[in-house]
Amino acid sequence: MTENRPGLGAVIAGTVRRELLLALRSSGEVINPLMFFVIAVTLFPLGGGVESSFLSSIASGVIWVTALLAIMFSMDNLFRADYEDGSLEQLLMSPQPLYFLLLAKVFSHWLVACLPIIVLAPVFADMLAMPAEGRLPLVLGLLVGTPVLCLLGAIGMALTVGLSRSGLLLAVLILPLYIPVLVFGTGMVEAAMSSLPYAGLLALLGAILVLTICLSPLAIGAALRISVN
Amino acid sequence: MWQWFFKLGSPRLFYSMTDRYLPWLVWVTVFLMSIGLIWGLALTPPDYQMGENYRIAYIHVPTATLAMGCYAMMACFSAGYMIWNIKLADMIAKACAPIGATITAVALATGSLWGIPTWGTWWIWDARLTSTLIMLFLYTGIIALRSAFDSVDSGARACAVLSLVGVVNLPIIKYSVEWWQTLHQGSSSLSLSNTAANPPEIWLPAFFVGFGILGFFLIALILRTRNEILLRERRTQWVAELVNAVQRREQSNA
């Protein structure tokens, strides 16, 4: 049995390839979080006022909050279909380490749902009249912070995937856990805009990322076992 | 060797033990609370800066401490349930959530009331206040998650996972006043070692109120856990006997 088991690297690569292929075949998974982000950001100048002084003061908060909400809404794609067609059970029964399978799954979700938002973020920062020195910390913060949001969201999604209507419940469960990332992420932009160093805040975000990578797959796995049985 | 440990987790034993000791706990709590509240709220001298309104500290500090302690306790019992599958541990964890949410709300409310005269604002987004508010959200999330499950067992396990994840918030609350520049003061000026600022007539009543509120918390926790035990064990022999005994007593009284 054990000798024809593929190596860990091959399994991770295979999981990522499967997830990306599935996402590309149903293009809504890629497009919808991005479209939500674009439309929700557009609402703020239309609802709040178009003076550039007002917009630049809210720009970092608007981009972070809408990105955070887009990621939260996209979490439904992570386990829902797998739960319904039974491949989640196969994943849990697999002889490969669940820890790395889940990391690979969340990583591919991040590639599909978050990377397009991060790429578009500087464009919207400009449209919201954010000063140029805020752009780099915004993108750096999103690059380090959004994987944390995906991993925490995966915990909440794993807990609620067995429930039929979980949309608002998921928000109640994971939005409190998102607050530290939001605080440090927007704090970086604010610091840069007042010409203060932001490396310390970035390091804190990095520390949060390392901690969530280490611990959250354990919680996701435990939660999935509860939801599937 | 571990038999005593699992025997301790028997709901029936918990029920009969609390039956015996709950009245004692109630009397001790009433004693501590009445002495502490009268002493702290009426007899201690006013503060030289804050005047009379510092007295709210006698409610605010114990409730804020207990709000965190209750979360830690809930997480410990959740872990106990996940590791050893002790049903009683989950019943206690379930009882912790609404009580903890209420205590957190009381801590936030008393803090706000204290903030109006001393800070000039009842709410500010500083790290201590925000992280405590997150704890309130975590409590409500745990309550909402449990009510979303039809199966008692799945709901219990899901809540246990979420409680353990939320533990990361506890050190953030504890050290928020040291890690960040906050309007909320650090705990150093209230600690017992700082005897110059806190003579015994200030901290002794706090000691009474603190343990009184702890006693009140334990009473509420025990009552809720006992209800939960009766609800979940309603098909067992001993609960049926208990109900019969109560019914017989009521009939003989009537």
Only one of B:79, B:93 is within 13 Å of chain A (Cβ to nearest Cβ), of a type outside the set (D, E, K, R) and under 22 Å from the mean Cα position of the chain (by Cα), namely B:79
With the first residue restricted to the stretch A:5-18 and required to be closer than 19 Å to residue A:110 by Cβ, and the second required to be part of a helix (DSSP H, G or I) and open to solvent by 60 Å² or more (accessible area, probe 1.4 Å), Cβ contacts under 6 Å at 6 or more apart or on different chains are A:12/A:100
If we take the stretch B:1-98, then helices (runs of 4 or more DSSP H) inside it with 1 or more residues that are small (Gly, Ala, Ser) and open to solvent by 30 Å² or more (accessible area, probe 1.4 Å) are B:11-38, B:57-84
Of the residues in the stretch B:117-165, those that are more than 10 Å from chain A (Cβ to nearest Cβ), open to solvent by less than 10 Å² (accessible area, probe 1.4 Å) and among the hydrophobic types (A, V, I, L, M, F, W, C) number 0
Of A:167, A:185, the only residue that is more than 19 Å from residue B:164 (Cβ to Cβ), in contact (Cβ under 8 Å) with a residue 40 or more places away in the chain and more than 14 Å from chain B (Cβ to nearest Cβ) is A:185
Filtering the stretch A:80-95 down to residues that are in contact with a Ser or Thr (Cβ under 9 Å, 6 or more places away or on another chain) and more than 17 Å from residue A:156 (Cα to Cα) yields A:91, A:95
Filtering the stretch A:20-43 down to residues that are open to solvent by less than 50 Å² (accessible area, probe 1.4 Å) and among the aliphatic types (A, V, I, L, M) yields A:23, A:30, A:34, A:38, A:40, A:41
Of those in the stretch B:103-116 that are open to solvent by less than 40 Å² (accessible area, probe 1.4 Å) and of a type in the set (A, V, I, L, M), the residue nearest to residue A:227 (Cα to Cα) is B:103
Restricting the stretch A:27-72 to residues that are among the hydroxyl-bearing types (Ser, Thr, Tyr) and under 30 Å from residue A:160 (Cα atoms), the one farthest from the chain's Cα centre (by Cα) turns out to be A:27
Sole miss for residue B:120 among (1) out of contact with any helix residue (DSSP H, G or I) (no Cβ under 9 Å at 6 or more places or on another chain); (2) within 21 Å of residue B:225 (Cα to Cα); (3) not β-branched (Val, Ile, Thr) is condition (2)
(1) without any contact (Cβ under 8 Å) to a residue 40 or more places away in the chain; (2) more than 17 Å from the chain's Cα centre (by Cα); (3) open to solvent by 40 Å² or more (accessible area, probe 1.4 Å) all hold for residue A:198 apart from (1)
| said: Checking the structure you have, find out if any residue of the stretch A:108-116 is under 30 Å from residue A:221 (Cα atoms), surrounded by 19 or more Cβ atoms within 10 Å (Cβ to Cβ) and touching a Leu at 6+ places or on another chain (Cβ under 6 Å). | reply: yes
Consider residue A:220 carefully, then state whether it is of a type in the set (Val, Ile, Thr), open to solvent by less than 10 Å² (accessible area, probe 1.4 Å) and within 11 Å of another protein chain (Cβ to nearest Cβ). yes
For helices (runs of 4 or more DSSP H) lying entirely in the stretch A:131-229, having 2 or more residues that are of a type outside the set (D, E, K, R) and at pLDDT 95 or above picks out A:135-160, A:199-228
Conditions (1) at pLDDT below 90; (2) of a type outside the set (A, V, I, L, M); (3) not in a loop (DSSP other than H, G, I, E, B) -> residue A:6 fails only (3)
Only unsatisfied item for residue A:121, checking (1) within 14 Å of another protein chain (Cβ to nearest Cβ); (2) of a type in the set (Gly, Ala, Ser); (3) over 26 Å from residue A:79 (Cα atoms), is (1)
Reported set for the stretch B:166-185 where residues are in contact with a Ser or Thr (Cβ under 8 Å, 6 or more places away or on another chain) and within 10 Å of chain A (Cβ to nearest Cβ) is B:169, B:172
With criteria (1) open to solvent by less than 40 Å² (accessible area, probe 1.4 Å); (2) at pLDDT 85 or above, residue B:227 comes up short on (1)
A careful count of residues in the stretch A:205-217 that are in contact (Cβ under 8 Å) with a residue 60 or more places away in the chain and either more than 13 Å from chain B (Cβ to nearest Cβ) or open to solvent by 60 Å² or more (accessible area, probe 1.4 Å) (or both) gives 4
Those residues of the stretch A:124-176 which are under 18 Å from residue A:199 (Cα atoms) and open to solvent by 20 Å² or more (accessible area, probe 1.4 Å) amount to A:132, A:133, A:135, A:136, A:139, A:140, A:143, A:144
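The values are calculated or read from the model by the stated rules, or taken from the named source; none is laboratory data. Here the structure is a predicted model, which means the values were calculated and not measured. Here the Cβ is made from the backbone with ideal geometry for all residues, glycine too, and neighbour counts use every protein chain on show. Side chains included, ligands, DNA and RNA excluded: accessible areas come from the protein's heavy atoms. Shrake-Rupley method; radii C 1.70, N 1.55, O 1.52, S 1.80 Å.
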